[in-house]
Amino acid sequence: KPRVYDLQFSKILDMLSPKVSPENILRKHTSLGRCRHQISTGYLRTSADIAKGLDLWVSTAGSSLFILRSGPRASSITRDHAVDIINYLRNAHYKVFWILSPPSPCDLEPSIASIFKSLVYQVIRHEPNILLRFPENLSTLQFLSNRSESEWLDLLCLLVSRLDKCFLIVETEDLYQASRQMPQWTQEFLQVFQRLIDRVEAFGETLDTD
């Protein structure tokens with residue numbers, strides 16, 4: 001017989017579940033990247049340089065941002081590097097949660113709130129006992145899809161603060177394209193994740209974001 005917690009957990013996952021799973025998006029991008037760069041010496045050279053910075057980032061104490069910037073014609077290459085970083089961290093058995101632009105257009109409008117919602121979903125799905133670590137009771141109402149950006153950020157901070165060191169990899173070409181008329185968007189986007197890091201650090205945990 002299912003326990004009350006099991007029923008609530010299942011309901012929360014159903015409410016948060018994206019139309020396309022992050023794992024499926026990662027698999028598609030991994031396959032596409034291998035086809036694009038299997039004979040590219042330039043890509044391999046850049047990957048080696050990124051790997052050096054990544055090793056330093058992974059081993060650094062405390063929380064930090066690791067930023068990859070692309071030129072106007074290099075967004076797919078930057079995404080492929082983000083995919084490589086995700087796969088590297090997964091193969092090294094780190095806790096890693098990610099956002100990747102879908103490989104083909106979809107009917108969902110990208111937003112920072114949807115990014116936080118997806119990360120909340122991934123944390124709960126891959127760490128199913130995390131909801132038991134709260135002295136306070138989390139209601140299923142806190143996971144409704146109509147939460148604001150700040151409410152999703154609050155929830156993500158709360159969840160991540162209960163984890164050991166973890167990594168968030170965020171690639172947002174689709175969101176960037178939707179916001180490119182706002183010249184200050186990139187800086188504001190980075191500031192949002194810096195706030196996330198600062199708040200998680202205040203809980204005494206370690207978070208790294210790319």
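The values are calculated or read from the model by the stated rules, or taken from the named source; none is laboratory data. Here the structure is a predicted model, which is why all the values come from computation and not from measurement. So basically every Cβ, Gly included, is an ideal-geometry build from the backbone, and we count neighbours across all protein chains shown.
A few remarks follow.
- Residue in the range 156-184 that is farthest from residue 103 (Cα to Cα), counting only those that are over 15 Å from the mean Cα position of the chain (by Cα) and surrounded by fewer than 16 Cβ atoms within 10 Å (Cβ to Cβ): 164
- The range 157-183, residues that are within 28 Å of residue 92 (Cβ to Cβ), part of a loop (DSSP other than H, G, I, E, B) and out of contact with any Phe, Trp or Tyr (no Cβ under 6 Å at 6 or more places or on another chain): 162, 163, 164, 165, 171, 172
- Per the listing 145, 139, 161, 111, the residue uniquely farther than 25 Å from residue 79 by Cα, modelled with pLDDT of 80 or more and hydroxyl-bearing (Ser, Thr, Tyr) is 161.
- Condition check for residue 197: in a helix (DSSP H, G or I), β-branched (Val, Ile, Thr) and closer than 18 Å to residue 118 by Cα: yes
- Just so you know, in the range 185-197 the residues that are aliphatic (A, V, I, L, M) and buried (at least 19 other Cβ atoms within 10 Å of the Cβ) include one that is farthest from residue 57 (Cα to Cα), and it is 196.
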